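What follows is one structure encoded as structure tokens, with my remarks underneath.
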Amino acid sequence: MKKNVVWALSALVMMTMMCVGFTSCGSDGDDSPNNPGQGDVGITQVGDIYYLDGTCSRTLMSGKTPIGIVVCLGSDGASEGKHGLVMALRNSGKKGYANTPAPTDRSLFPVITSYSEALADFNGVAKTKWLAEHDSPVSTSVAEYGVNTPGETSGWFVPSVGQWLAAINAFGANVTKDGKIGDAKFVDAMNSALAKVGTDGTDFESLTTYAGSGQLGYFQTSSYGPYYSSHTGEQTGYGFCFINFGATQNVYFKTNNGMSSFYIRPFLAF
């Protein structure tokens, strides 16, 4: 047990380092990281605004169309070989996994039973493609999102459990010794980044929290959300993993039978 905890925390450190580093984001104007000027940046940071033309900035730039915020940086793992991950400004609706067949490719959909396994669960792009090929309502929600993306990106997809973890870790989520996430103010931090583009409900949609009570833990069965991941692994007969931001800003990673309708927040890899 102790060995597994050490492995999980080591993996978390590696993920955190990967997702808070800097990388180029194709900004226009002055590329100097010391001269952001009118919002232009040459060195991208987590929390930056991401635009339809593929550029980024610390603050909102007039004449540009924001489509998301940068939530993870690093060219491997969570970013699926690209520079980083962007979270959409809005949910793409509420959907369930109704009538989605059980996957047979365990290399893409492994059975996840621990935090360390969840941390390494990436491939949201490939998982979303599989879900689309099998007419899953979850992938339909992303397909119908209706917000264009730059041509050099992955396009919108449903993030995997590990990609959700990478994003919240980059915004300050703390992990206890037994692999649970504590009450870090990462939800506030993510919503503050979203708020840089304008008004909640008009220009963006804050992350949804669930005000009810529940058992804090991982992969416990439950019937509430709010956000689905793209992972299904049929662990203990409840194959559909979701993430819940609680009222106390804890995070619940649980699974259910997929019949419930939860929110989908699209990501893209750039």
Q. Taking a 1.4 Å probe, which of 152, 133 shows the most accessible area, and what order do the others take after it?
A. 152, 133
Q) From the backbone phi of the stretch 149-158, what are the Karplus-calculated ³J(HN,Hα) couplings (6.51 cos²θ - 1.76 cosθ + 1.60, θ = phi - 60°) in whole Hz, Gly and Pro given as x? A) 10, x, x, 8, 9, 6, x, 5, 8, 7
Q) Which cross-chain or sequence-distant (5 or more) residues have an amide H under 5 Å from the amide H of residue 72, H modelled 1.01 Å from N in plane? A) 85
Q) Here are some pairs, 129/185; 64/185; 95/127; which of them have Cα atoms lying more than 24 Å apart in this structure? A) 129/185; 64/185
Q. Whose amide H sits under 5 Å from the amide H of residue 121, counting only residues 5 or more places off or on another chain, with H placed in the peptide plane?
A. 162
Q | Projected label distance in nm at residue 208 and residue 52, using a 7 Å step from Cα toward the beta-carbon | A | 2.6 nm
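The values are calculated or read from the model by the stated rules, or taken from the named source; none is laboratory data. If you're wondering where the values come from, they're calculated on a predicted model, not measured in any experiment. Methodologically, a virtual Cβ is constructed for each residue, glycine included, from the backbone with ideal geometry; neighbour enumeration extends over all protein chains shown. Note: accessible area is taken over every heavy atom of the protein model, side chains too, but ligands, DNA and RNA are not part of it. Shrake-Rupley method; radii C 1.70, N 1.55, O 1.52, S 1.80 Å.
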